[in-house]
2 protein chains.
Amino acid sequence: MEIDLKQPILKKNDTLAERNRALFAEKKVFVLNILASPGSGKTSTILATIEALRDEFNIAVIEGDIASSVDSERIKAQGIPAVQINTGGACHLESDMIRRAVEVLNLDDLDLVLLENVGNLVCPAEFDTGAAVNVTILSVPEGDDKPLKYPLMYQVCDVVLVNKVDVLPYFDFDLAKCVENVHMRNPKARVIPICAKTGEGMDEWYQWLREKVASYKA
Amino acid sequence: MEIDLKQPILKKNDTLAERNRALFAEKKVFVLNILASPGSGKTSTILATIEALRDEFNIAVIEGDIASSVDSERIKAQGIPAVQINTGGACHLESDMIRRAVEVLNLDDLDLVLLENVGNLVCPAEFDTGAAVNVTILSVPEGDDKPLKYPLMYQVCDVVLVNKVDVLPYFDFDLAKCVENVHMRNPKARVIPICAKTGEGMDEWYQWLREKVASYKA
């Protein structure tokens, strides 16, 4: 006999995620779940986004890491509220961790919460956090074939930010092929090439975010 | 009441890993578990290693992927035996999967088995495969702070290959700091800077492998 341990855990997570989602809708806060491999530029993208939009919106960040608070310290240094979740070895954030993290934040005062998930293209895709939208960052050095190898991650995300386009000349990365691979997993996903470091392409990303935040305020 | 589901799974995996390890020792085959983030260059490093050492050793590859057989097809195209394990969503290889994969290979005829784990810096670190040694590949674009954020991965590996050193001029990556961060997790880990694409630093890696394979034959 095989006992499926995973389904009950996922089911419980989904129930709590729906509760988070209802709370965020009630509070009119747009919550974005940011997913990616280690080192693809999640924190850099968050820092650039804060810098660009901090005068328009009240922003907070929830940082998920297995260990260390390196990232949340970088956010706090910008004067933005940041809650660090250390999963203590766990490979993803669960909706219950998010619920406890938002208790620390004052949702009534916020427009936008950026949720940096654990750097991992596998497990975080299975665990709904209650965020309104999932965004995956794929950096150029990782290669254009990632959607082929990590199907679920690309199925569950609505936007793919292709980061580090400044180093395109130094890598065998075919942007058209990458878009094709993303659309094989999710035909509706929007692909935005960016460079968080130089700012290239970031305006399109900010405009997408502005529209989303506005739709949650309406 | 909390039921710990993980410990029994890990314990069962450890028992089967020890059996694999005993089998590999009996057959005098050196098995190497290669761990890394998605896109850090596991397959490229394996392909370069095959090219360099195929006249000295009989080599086989076990490819772990969530989906797709892109990588094992690249290996087979080189005329090297390759077994593809598709985990069907699971984020790591377990020792039972390895046991079934090696049944397909003729261990009596082999000197070296390269085991490409699922691209993930978290979960594969927890699951012993029975390999003699774990090697982690950290690519320059991921950043020198990865050992701080993924402690267990760097604790369980004996060698860290710092790959893609050809792009060091284009990234904020401090090699000395990286070595320091690795040694914080594992003071005995050997760090070898390489570029699988250009061949830079690969001779040191091949020499390390030659010595290991020889020690298993003795």
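Derivation of every value follows stated rules applied to the coordinates shown; laboratory data play no part. Keep in mind the model is a prediction, meaning the values are calculated, not measured. Methodologically, a virtual Cβ is constructed for each residue, glycine included, from the backbone with ideal geometry; neighbour enumeration extends over all protein chains shown.
Couple of notes before you dig in:
- Shown for B:215, A:95: other C-beta atoms within 10 Å of each C-beta, ranked fewest to most, produce the order B:215, A:95.
- Residues residue A:217 and residue A:166, FRET efficiency given R0 of 35 Å [Cβ-Cβ distance, rounded to 0.05]: 0.55
- Near the amide H of residue A:118, within less than 5 Å, lie the amide hydrogens of A:93, all on another chain or at least 5 residues away, with H placed in the peptide plane.
- Calculated P(r) of the protein assembly as shown - Cα pairs past 37 Å, %: 24 percent
- Between residue A:78 and residue A:26, the distance separating the two model label sites (each 7 Å from Cα on the Cα→Cβ line) works out to 3.0 nm.
- Absence of a disulfide-compatible partner, taken as no other cysteine beta carbon within less than 4.7 angstrom, is noted in chain B for B:157, B:178, B:195.
- Local electrostatic count, residue B:23, Cβ distance below 12 Å [Lys/Arg +1, Asp/Glu -1]: +1
- Of the residues A:130, A:102, A:152, the one whose Cα sits farthest toward the positive end of the charge dipole of segment A:80-171, with +1 on the Cβ of Lys and Arg and -1 on the Cβ of Asp and Glu, is A:152.
- Interchain or long-range residues, amide H under 5 Å from residue A:161's placed H: A:136, A:137, A:138, A:192
- Whole-angstrom gap from segment B:59-110 to segment B:130-181, using each part's C-alpha centre: 24 Å
- For segment A:134-147, the Karplus equation 6.51 cos²θ - 1.76 cosθ + 1.60, evaluated at θ = phi - 60°, returns couplings of 9, 10, 10, 9, 10, 8, 3, x, 6, x, 7, 8, 4, x Hz by residue, with Gly and Pro reported as x.
- Net charge dipole size for segment A:55-198 [Lys, Arg +1 and Asp, Glu -1 on Cβ; Debye, nearest 20]: 360 debye
- Close amide H partners of residue A:82, meaning residues 5 or more places away or on another chain with modelled amide H under 5 Å apart, are A:61.
- For segment B:115-218, GluC sites (Glu not before Pro) meeting the loop criterion (DSSP other than H, G, I, E, B) and having at most 16 other Cβ atoms within 10 Å: B:200.
- Dipole magnitude (debye, nearest 20) for the protein assembly as shown, charges at Cβ of Lys, Arg, Asp, Glu: 520 debye
- Proxy reagent accessibility, fewest Cβ within 10 Å first, across B:153, B:184, A:202: B:184, A:202, B:153
- Among residues other than residue B:37 with Cβ under 10 Å from its Cβ, the summed charge is 0 (Lys and Arg +1, Asp and Glu -1).
- Candidates per GluC sites (Glu not before Pro) in segment B:1-84, loop by DSSP, up to 10 other Cβ within 10 Å: B:2
- Applied to segment A:60-75, the Karplus parametrisation 6.51 cos²θ - 1.76 cosθ + 1.60 on θ = phi - 60° returns per-residue 3J(HN,Hα) values of 9, 10, 10, 9, x, 9, 5, 8, 6, 10, 3, 6, 5, 5, 5, 5 Hz, with x for Gly and Pro.
- Helix-only [θ]222 nm of chain B, DSSP H runs n ≥ 4, -39500 (n - 2.57) each, per residue, nearest 500: -12000 deg cm²/dmol
- Nearest beta carbon of chain B to the B-to-A rotation axis, with distance in whole angstrom: B:141, 2.
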